[in-house]
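First comes the structure, then the notes that go with it.
The values are calculated or read from the model by the stated rules, or taken from the named source; none is laboratory data. Since the model is a prediction, treat every value here as computed from it, not as a measurement. So basically every Cβ, Gly included, is an ideal-geometry build from the backbone, and we count neighbours across all protein chains shown. Quick note on the areas: whole protein, heavy atoms, side chains included, nothing else; ligands and nucleic acids left out. Shrake-Rupley method; radii C 1.70, N 1.55, O 1.52, S 1.80 Å.
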Amino acid sequence: MSYGVLAKAGCTFWIRVFRFLHNDTLGRKFDNPFQMTRGEAHGGRRKIKMYRLQKEEDRRVVMATTRFMVSRNPFTRLFSAYIDKLYLIDYWSRAGRTIVSRRENASALSLRCGHDVSFAEFLSYVVDVGERDVLSLDGHWRPIEHTCNPCAFKPDIVSKQETFSQDARFILSRFGLGYLMQNYSSTHHVLDELSLITKGNYKPSDACLTRMQMAGRLWRTFQINGYLTHGSEAVLETESSNSLTEDKLIQLMSKSCLDHILTKQESSAQRRAHLRQAYATVPRNILDRVVKLFRNDFLFFNYDSSIDNLLRE
């Protein structure tokens, strides 16, 4: 099987699976792919090969396999990229500072840290750069057609982020690998995400954000993702800054998650509300340009590109 990699559409899951199957685990022994951290999945030298369809020999090999890829609604993919890379710390020193530098009268703190980019500023940056040179966009917010073009890759199976777990089980079962998800539950996935994302992003620095501010951003991120209930962040007020270690924060989040497990419908409604609120802050002309830039992603994978429907209660 061959997988067309697309950032912000479940790629960590599938890279874990492929590295596990190839015993490409940086010398560590795992019982299943999901014991691998996000850093281990994406980091280190890989034994598995990344094939490029532009190369004739690579294309010949790939086209002889069963091919699959994962699509995602461009609206949700862009919002997820913003939260993951700019609301949290990962891209502050790169895209964050670049976007802030476009701002009139940006403060010295913002220019130094790149920590306070708004969603509207992010989308404005994406369309400005994308309209000039779409291939120069970061892979986390580059249109799918310019990352893994389905017209060239010709997937046998198209999975969707919106039905990811169900689709992943189908694909793995197709290859006799269904056992890999035998003990993989939605609760396991959420607890895994709480731990992995916190470990990758809980790097407070009073020069940009305090420990409590960073903890607050992580907590809100998991509310946006539909993992933690609204109001649950009140538990942070009972902690002192010094006591709020990484392990303590993960412990508090995990307990909150298990004490108040959201149903699938509640989680979906919560994610949808945050998505709508975020896009409501963006000027209409920017939204129109987003739809135009991602028009083929909407078309190819049958997603609704209506801004009115996106903003509707």
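Below is a table of values for the structure above.
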read-out	value
Number of the exception - ASN183 against (1) open to solvent by 30 Å² or more (accessible area, probe 1.4 Å); (2) modelled with pLDDT of 95 or more; (3) assigned to a loop (DSSP other than H, G, I, E, B)	(2)
Any hit, segment 10-18, residues being under 28 Å from VAL117 (Cβ atoms), loosely packed, with under 13 Cβ neighbours inside 10 Å, modelled with pLDDT under 95 and not charged (D, E, K, R)	no
Some residue of segment 69-91 being of a type outside the set (Asp, Glu), farther than 17 Å from ILE286 by Cβ and open to solvent by 50 Å² or more (accessible area, probe 1.4 Å)	no
Filter result (of a type outside the set (Ser, Thr, Tyr), open to solvent by less than 20 Å² (accessible area, probe 1.4 Å) and within 21 Å of TYR202 (Cα to Cα)) within segment 92-118	TRP92, ALA95, GLY96, CYS113, GLY114, HIS115, VAL117
Failed criterion for LYS8 (all others in (1) part of a helix (DSSP H, G or I); (2) closer than 30 Å to GLU121 by Cβ hold)	(1)
Residues of segment 260-313 that turn out to be among the polar types (S, T, N, Q) and exposed (fewer than 14 other Cβ atoms within 10 Å of the Cβ), as a count	9
Extreme residue, farthest from LYS85 (Cα to Cα), among residues of segment 134-153 that are assigned to a helix (DSSP H, G or I) and among the small types (Gly, Ala, Ser)	ALA152
Helices (runs of 4 or more DSSP H) wholly inside segment 15-90 that include at least 3 residues being closer than 30 Å to ARG272 by Cα and of a type outside the set (D, E, K, R)	38-42, 74-82
Candidate set: segment 197-224, residues that are touching a residue at least 60 places away in the same chain (Cβ under 8 Å) and part of a loop (DSSP other than H, G, I, E, B); chosen: the one farthest from ILE83 (Cα to Cα)	ALA207
Residue ID - surrounded by the most Cβ atoms within 10 Å (Cβ to Cβ), chosen from residues in segment 26-40 that are of a type in the set (D, E, K, R) and more than 16 Å from LEU191 (Cβ to Cβ)	GLU40
Residue match in segment 231-246 (condition: more than 29 Å from LEU109 (Cβ to Cβ), of a type outside the set (Ser, Thr, Tyr) and open to solvent by 20 Å² or more (accessible area, probe 1.4 Å))	yes
Subset of segment 1-29 [among the aliphatic types (A, V, I, L, M) and closer than 14 Å to GLY43 by Cα]	ILE15, LEU26
Filter result (free of Cβ contacts under 8 Å to residues at least 40 places away in the same chain and within 14 Å of LEU21 (Cα to Cα)) within segment 172-192	GLY176, GLY178, TYR179, MET181
Unique match (being open to solvent by less than 50 Å² (accessible area, probe 1.4 Å) and more than 23 Å from PHE13 (Cα to Cα)) among GLY216, GLY200	GLY216
Every pair of residues 6+ apart whose Cβ atoms lie under 7 Å, when the first sits in segment 97-112 and is modelled with pLDDT of 95 or more while the second is surrounded by 13 or more Cβ atoms within 10 Å (Cβ to Cβ) and not in a helix (DSSP H, G or I)	ARG97/GLY114; ILE99/VAL117; VAL100/ALA106; VAL100/GLY114; VAL100/VAL117; SER110/ASP116
Subset of segment 1-38 [among the aromatic types (Phe, Trp, Tyr) and free of Cβ contacts under 8 Å to residues at least 12 places away in the same chain]	PHE30
Hits in segment 159-180 - residues which are open to solvent by 70 Å² or more (accessible area, probe 1.4 Å) and under 19 Å from ALA9 (Cα atoms)	GLU162, GLN166, ARG169, PHE170
